[in-house]
1. Would you point out which residue out of W250, W243 is without any contact (Cβ under 8 Å) to a residue 24 or more places away in the chain, crowded, with 20+ Cβ neighbours inside 10 Å and either touching a Lys or Arg at 6+ places or on another chain (Cβ under 7 Å) or in the same structural domain as A151 (by TED's automatic domain parsing) (or both)?
2. Report every pair of residues separated by at least 6 positions or lying on different chains whose Cβ atoms are under 7 Å apart, first residue within the range 269-294 and free of Cβ contacts under 8 Å to residues at least 60 places away in the same chain, second of a type in the set (D, E) and assigned to a loop (DSSP other than H, G, I, E, B).
3. Going by the structure shown, is A152 at pLDDT below 95 and crowded, with 17+ Cβ neighbours inside 10 Å?
4. Kindly check whether there is at least one residue in the range 37-55 that is under 60 Å from the mean Cα position of the chain (by Cα), buried (at least 18 other Cβ atoms within 10 Å of the Cβ) and at pLDDT below 70.
5. Just the residues that are among the aliphatic types (A, V, I, L, M) and within 16 Å of the chain's Cα centre (by Cα), please, taken from the range 232-252.
6. What number of residues in the range 209-235 are surrounded by fewer than 23 Cβ atoms within 10 Å (Cβ to Cβ), within 21 Å of C392 (Cα to Cα) and in contact with a helix residue (DSSP H, G or I) (Cβ under 7 Å, 6 or more places away or on another chain)?
7. So which residues in the range 175-208 are of a type outside the set (A, V, I, L, M), surrounded by fewer than 19 Cβ atoms within 10 Å (Cβ to Cβ), without any contact (Cβ under 8 Å) to a residue 60 or more places away in the chain and in a strand (DSSP E or B)?
Amino acid sequence: MSDLIRRKSTWIGAAIAAVLVIMGAATGGVGGALVMLGMFGVASGLWGVVALGRTWIGPTRRLHGVIAAGAALAVVIAGGSMLPRAAEPAPVVERPTVAASASPSASAAPAPTPTESATPSPTPTADPVETEVPAEDAPAPVAATGPALAAAQALGVKGRAPRTGYDRDLFGSGWKDPDRSGCDARNDILARDLAGATFRGPCTVMTGSLADPYSGQAIAFERGETTSQAVQIDHVVALSDAWQKGAQSWTDEQRVAFANDPLNLLAVDGPTNAAKSDGDTATWLPPNKAFRCAYVARQVAVKASYGLWVTSAEQDAMVRVLTTCPDEQLPSGGEVAPGAAYAQVAQPAPVEQAPDPEPAPVVEEPAPAPVVEEPAPVEQAPAQENVYYANCDAVRAAGAAPLHAGEPGYETPRLDRDGDGIACE
């Protein structure tokens, strides 16, 4: 090969090598540059062997080409070991799904058995307040069956939403007939929970005896303006409490069904029910300790059935009570036999009515001569003040609840929805 051709081929080969080194360095750093340079050397050495010793670097022997190709291959291997490696993706670990009906041991270690307080109600605990309650965040309803303790641990936990906008009428005006029996829910519950109930017509409960689950006392019920309030129908999960824990996003039909569901209704002592107000498990428990497990289990069943959440303080209180009775089951529906789940309360003995005495014979005497008297002046009764209440909340705020027929502001059926003569019980 002439000197001119050899010089030209040398410059061309060097230029090609430089370009390959730059490309390798741009994509793989030093390792990439070595790989590209080594591959060029391997190609040049093999071409020297094939071309009978003639390469771009001048005359040589075939042995030299083999040696050059082997050395270049070592450079390729060294450069390849220096190339950066792609990071392996982290393994994906799936969290196991825990069923709502799982046993307490499968989801959490059993809590220690608490020592019950001597006071009838727990100390109220302040709950965090949420400013908004998106409907999509509300927990979905679950089947309310199985152990009450496991169901309480599975309830959704969130902060209490504001009470803003709450009105009793949002849950329906008056009592409805959810089972289509022809009788409203109030009379259905009285008939279910009172022993020895008597009726006027097919529905209206007139008298009976209540083994009150809240106080543990026996209470005689008699319908009337001054006596009906002795026994009241309590929403176990108060309507206001439900409003603050998910019911704001319900339809009107869902709220009406909730307010008339027998699962959420109990006939109880009126004053004790008034003391409960709209408290949840964290702020109120029945004074009758023998009924607390059944009471909390019923609250859990209602909240699970309707997808209502609980606050963290409320769930802690539920678990604390139900830990003392781990075998307590959720009630199924509201058709409970009168007194079946209540504490043993003595029922009042029936009172035997004495026979009416026979009337004495009437002896007619001659009528005395009429005496003409001057009519006494008639005092004019002061006119009643014209009072109007927008709703029962206004009646309670004015301290006038309950209203009886004839009292200022009493109206039926707007305020006295069941027409028993007592409004805003």
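1. W250
2. D269/D212
3. Answer is no for this residue.
4. Taking every residue of the range 37-55 in turn, none turns out to be under 60 Å from the mean Cα position of the chain (by Cα), buried (at least 18 other Cβ atoms within 10 Å of the Cβ) and at pLDDT below 70.
5. Hits for the range 232-252 are V236, V237, A238, L239, A242, A247.
6. Within the range 209-235, residues that are surrounded by fewer than 23 Cβ atoms within 10 Å (Cβ to Cβ), within 21 Å of C392 (Cα to Cα) and in contact with a helix residue (DSSP H, G or I) (Cβ under 7 Å, 6 or more places away or on another chain) number 6.
7. Across the range 175-208, the qualifying residues are T198, F199, R200, T204, T207.
Let's see how each residue does on (1) assigned to a helix (DSSP H, G or I); (2) modelled with pLDDT under 95; (3) farther than 25 Å from L190 by Cβ:
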{"site": "A282", "(1), (2), (3)": "no, no, yes"}
{"site": "R292", "(1), (2), (3)": "yes, no, no"}
{"site": "Y295", "(1), (2), (3)": "yes, no, no"}
{"site": "R298", "(1), (2), (3)": "yes, no, no"}
{"site": "V302", "(1), (2), (3)": "yes, no, no"}
{"site": "A313", "(1), (2), (3)": "yes, no, yes"}
{"site": "A317", "(1), (2), (3)": "yes, no, yes"}
{"site": "R320", "(1), (2), (3)": "yes, no, yes"}
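The values are calculated or read from the model by the stated rules, or taken from the named source; none is laboratory data. Everything numeric here is computed off the predicted structure, so don't read it as measured data. Backbone-built Cβ (ideal geometry, glycine too); neighbour counts: all protein chains shown.
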